[in-house]
Ligand SMILES: [Zn+2]
């Protein structure tokens, strides 16, 4: 992908080398989240529940208790004061090649979605890109490099550990800069879902479903993010920025990032063992469809065959 003429995003937080500051955040995102949900349900079913919850909330805010924070994490509505701290990290002007590339791609997605939302009489509120190493605080719990890139609806940030960039080449055999561009565009796709209310609707619906049906619904959510990534690819193609082999690189990456732990981070909750992603063919199909239409309106993965 040709990036020389693209401008960098000013919505990048460079937290590399900072490590985790720990504090009031749950140690393990998923486990804490599920534990909290069960706890909450148990509490709600007892008469004294609300007082217990109040007490626990106080404990969380005052004492920095872990786990409960996840309660707010996946609810894109309000999150606790503790998270606000993390949201106020400073913006950084990155200069190294990999970070500059990501920053430019990120800005390009913002330009595209701002235009596409406007075409649909909507306003696009762009996300923030966080570059980190090791571990970092998120509104969905502690982000860990081992989980790969993810989007957290609670703070509307895309989290990337740059070691994943190299992993794409070495571990997943999906080399090439556009593979990484696709990963960014896919995560931004989850932000688009959040902006449109799809993510909230998804979380609400999912809670009422059996594990199997919930998994099937999650696949549809993922395929839509692939569609949105494809729509952005059409946009940059229209600008003459794609090079031979770029789309194949994206598809190799689509295959590579189908990791359950990514979803756990993305939705701030535990994903059952039997979780499945769309097949490579399905992912390719929806990316291609996005690349064909390049708009919001042909990306309904929630009805009909996928
Ligand atoms: Zn995803």
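Test residue 161 against the stated conditions and say whether it is at pLDDT below 85 and away from the ligand (no atom under 14 Å from the Cβ).
Numbers: at pLDDT below 85: no; away from the ligand (no atom under 14 Å from the Cβ): yes.
In short, no.
Just one of 109, 147 is crowded, with 19+ Cβ neighbours inside 10 Å, closer than 23 Å to residue 247 by Cα, in the same structural domain as residue 249 (by TED's automatic domain parsing) and within 18 Å of the chain's Cα centre (by Cα); which is it?
On the way: 147 fails: closer than 23 Å to residue 247 by Cα.
Just one listed residue meets the conditions, 109.
Of the conditions (1) within 17 Å of residue 225 (Cβ to Cβ); (2) crowded, with 24+ Cβ neighbours inside 10 Å; (3) in contact with a strand residue (DSSP E or B) (Cβ under 9 Å, 6 or more places away or on another chain), residue 139 satisfies every one except a single condition; which number is it?
(1)
List pairs: first residue in the range 208-223 and assigned by TED's automatic domain parsing to the domain that holds residue 279, second residue assigned to a helix (DSSP H, G or I) and away from the ligand (no atom under 15 Å from the Cβ) anywhere in the structure, Cβ distance under 7 angstrom, at least six positions apart or on different chains.
Matching pairs, first to second residue: 217/205.
Between a first residue in the range 178-189 that is over 12 Å from residue 148 (Cβ atoms) and a second residue that is part of a helix (DSSP H, G or I) and near the ligand (Cβ under 9 Å from one of its atoms), which pairs have beta carbons less than 6 Å apart while being 6 or more apart in sequence or on different chains?
189/225
Given the criterion more than 16 Å from the ligand (Cβ to nearest atom), touching a strand residue (DSSP E or B) at 6+ places or on another chain (Cβ under 6 Å) and either more than 19 Å from residue 102 (Cα to Cα) or touching a residue at least 40 places away in the same chain (Cβ under 8 Å) (or both), identify the matching residue among 151, 132, 124.
Details: 151 fails: more than 16 Å from the ligand (Cβ to nearest atom); 124 fails: touching a strand residue (DSSP E or B) at 6+ places or on another chain (Cβ under 6 Å).
It is 132.
From 225, 214, 185, which residue is within 16 Å of residue 301 (Cα to Cα), within 14 Å of the ligand (Cβ to nearest atom) and touching a helix residue (DSSP H, G or I) at 6+ places or on another chain (Cβ under 6 Å)? Give the derivation first.
Values: 214 fails: within 14 Å of the ligand (Cβ to nearest atom); 185 fails: within 16 Å of residue 301 (Cα to Cα).
Of 225, 214, 185, the one residue that is within 16 Å of residue 301 (Cα to Cα), within 14 Å of the ligand (Cβ to nearest atom) and touching a helix residue (DSSP H, G or I) at 6+ places or on another chain (Cβ under 6 Å) is 225.
The values are calculated or read from the model by the stated rules, or taken from the named source; none is laboratory data. Everything numeric in this text was worked out from a predicted model, so none of it was measured. All Cβ positions, glycine included, derive from the backbone under ideal geometry; neighbour counts span all protein chains shown.
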